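Input: a single structure, listed below in structure tokens.
Please treat every number below as a calculation from the coordinates, not as lab data. Please read these numbers as outputs of a predicted model, since none were measured by experiment. In this analysis, Cβ positions are derived from the backbone assuming ideal geometry, glycine residues included, and neighbour counts consider all displayed protein chains.
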């Protein structure tokens, strides 16, 4: 057996094919559910969702930035250890797309932010 | 998916830079990138840059590791396995062995994820409890692996020096990040200085027949994946030590097998560290630490990151092969001592720029200690005590 370019190419192609399959599957599974806030209920706890709305209010807690997101209905969105981008985008009156996971906290549903994008 | 692939390609380009330039590690670039990531609000995209860069660097690293720092080739028996091939004009063959090892490591790690996850779920508490014992055994095995009592005594001296150096610098607030200049000195600059003693030209590198025993590939893949599991579980154990220990344990001596195993561990360890981060929230590699900072821990992302790692492994293999062929053509034409001296100056400048005089001091002391095993003719892996001894002290409850 020779350690030729062809052998390396064959092994690399195997890696690439399996890798592309896993990447495609992982990205599909990681895709957030696009929802309106009114559609959110307890059955969706733990799910990744994408919401669009206007930031109604913000409050800086000790380790997190909280904001009220409204698209008719309102829900609290939480950014733990917010980065500069989140601090910039989550300002009162801003229109944003929030991607995050729904969780229940003290009996209320809220969204823990994974990503914020500007819609302005 | 196109967008993710474009981010991956950016990571590959950075991985080539990190791999080819000694002293510029993907970890350093990862943490610079985290600053950009915080500003863009797209951490998931930057995760692909981090993954692509680290995986490609694991491949491209073979080029400086094999083509630079060749000492006097008359002392053939004391050469590192990669340098043995370089001295015989087979540097490109050595790189190919590393590449096939890293490719098999990437595939096997992805396949072994469920097994490893199951093992972690059952045995993690036990493993955590025996870490100090395991580290102690690794140190004893490294010493016992030397050929006679004189060499074993010299190995203990190296361990004491490097371990003491780690105990002094790692917990000290006087140094911003002593790990980078220390490791650069202990292994990088010390090896390059040793290379200055060598001949001014390396032999012409041939791209001839490169035999591969299927048995070596199979053994390399299996042993490498096992070793990657050890590296992922035990802090402060590097790929070199893990490969050496496994080869001793299984009584293997082949330099080809060693290179396949090291390649396998380098790649598999990165993939296992992503799994470790997902399952336990613990970071065992710089890449996993960067992913943690980006906040990416869910199962679908782990699957996507694993896929991205495999695609990057394929890209890394081709990029490394292409660059290694170019290096093999040029290396015998350059003034080898000047090349090594230039890299030493570059490393000194990088350390000074990033960490100032304290970093330079750590680099100089690290280099001096790194030269000791070379002077004694014992394994340079003993200098990894720089990390192992302080880690052992931490687990044994000594303040630091």
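Please report, in cubic angstrom per residue, the volume enclosed by the convex hull of the alpha-carbon atoms of segment B:48-188.
Numbers: hull volume 26.1 nm³, N = 141.
Spelled out: Cα convex hull of segment B:48-188, divided by residues, is 185 Å³.
Beyond 17 Å, what percent of the Cα pairs of segment B:314-400 remain? The proportion of pairs with Cα distances above 17 Å equals 71 percent.
Placing one equal scatterer on every Cα of chain A and applying the Debye formula, the log10 ratio I(q)/I(0) at q = 0.11, 0.15, 0.21 Å⁻¹ is -0.47, -0.68, -1.12.
Per residue of A:84-97, count partner chain C-beta atoms within 10 Å of its C-beta, then hand back the mean as an integer.
Details: counts 6, 8, 3, 2, 2, 1, 1, 0, 0, 0, 0, 0, 1, 0.
Taking all residues of A:84-97 together, the mean is 2.
Using equal-weight Cα scatterers in the Debye expression, the normalised intensity of segment B:195-235 in log10 at q = 0.29 Å⁻¹ is -0.96.
Once each part is reduced to its C-alpha centroid, what is the distance from segment A:53-115 to segment B:356-377 in angstrom? Between the Cα centre of segment A:53-115 and that of segment B:356-377, the gap is 50 Å.
Roughly speaking, what is the stretch gain from residue A:2 to residue A:71, that is 0.36 nm per residue apart minus the C-alpha to C-alpha distance, in nm to one decimal?
18.5 nm
The angle between the Cα long axis of helix A:5-30 and the longest principal axis of the Cα atoms of chain A comes to about 20 degrees, rounded to the nearest 10. For residue B:368 and residue B:345, the FRET efficiency from 1/(1 + (r/R0)^6), where r spans their Cβ atoms and R0 equals 22 Å, is about 0.80. Here the contact order of segment B:2-395, divided by its residue count and restricted to Cα pairs under 8 Å and six or more residues apart, works out to 32 percent. Rg and Dmax of segment B:169-262, based on Cα coordinates, read 17.6, 53 Å.
Would you list B:380, A:88 from fewest to most Cβ contacts within 10 Å? Show your work: numbers first, answer last.
Details: B:380 20, A:88 14.
Neighbour counts put them in this order, fewest first: A:88, B:380.
Rounded to the nearest 5, what % of DSSP beta bridges with both residues in chain A are antiparallel? Write out the running numbers ahead of the final one.
Details: 30 of 35 bridges.
Within chain A, antiparallel bridges account for around 85 percent of the total.
Over the Cα atoms of the protein assembly as shown, each weighted equally, I'd like the Debye log10 I(q)/I(0) at q = 0.06, 0.08, 0.12 Å⁻¹, rounded to two decimals. With no solvent term, the Cα-only Debye profile gives -0.31, -0.54, -1.13. Between residue A:118 and residue A:92, the modelled labels are 2.0 nm apart [label points 7 Å from Cα along Cα→Cβ]. Global size of segment A:1-66: 22.2, 68 Å for Rg and Dmax (C-alpha atoms, Rg to one decimal, Dmax whole).
Seen from all sides and averaged, what is the projected area of the convex hull of the Cα atoms in segment A:43-94, in nm²?
Numbers: hull surface 16.1 nm².
So the Cα hull casts an average projection of 4.0 nm².
The stretch between residue B:32 and residue B:177, if pulled fully straight at 0.36 nm per residue, gains 50.8 nm over its current Cα-Cα span.
Computed from the alpha carbon positions, the gyration tensor of chain B leads to an equivalent ellipsoid with semi-axes of 29, 26, 23 Å, biggest first.
Protection proxy ranking of A:5-16, B:219-230, by the mean of other Cβ atoms within 10 Å over each peptide's residues and highest first, is B:219-230, A:5-16.
Which order, highest average first, do B:168-180, B:361-373 follow once you tally other Cβ atoms within 10 Å for each residue and take the mean per peptide?
Values: B:168-180: 16.0, B:361-373: 22.1.
Going by the mean number of other Cβ atoms within 10 Å, highest first, we get B:361-373, B:168-180.
A helix-only calculation puts chain B at -26000 deg cm²/dmol for mean residue ellipticity at 222 nm, using -39500 (n - 2.57) for each DSSP H run of at least four residues, averaged over all residues. Between residue B:121 and residue B:152, the modelled label-to-label distance comes to 4.4 nm, taking each label 7 Å out from Cα in the direction of the beta carbon. Size estimate for segment B:221-356 follows the Kirkwood approach: the inverse of mean 1/r over distinct Cα pairs works out to 17.4 Å.
To the nearest whole number, what is the average tally of beta carbon atoms from other chains within 10 Å of the beta carbons of peptide B:312-319?
Values: counts 3, 7, 12, 4, 2, 7, 5, 0.
Other-chain Cβ atoms within 10 Å of each residue's Cβ, averaged: 5.
Each Cα pair under 8 Å and six or more residues apart adds its separation to the average, and for segment A:33-118 the resulting relative contact order is 31 percent. Across peptide B:298-306, the average count of Cβ atoms from other chains found within 10 Å of a residue's Cβ is 6.
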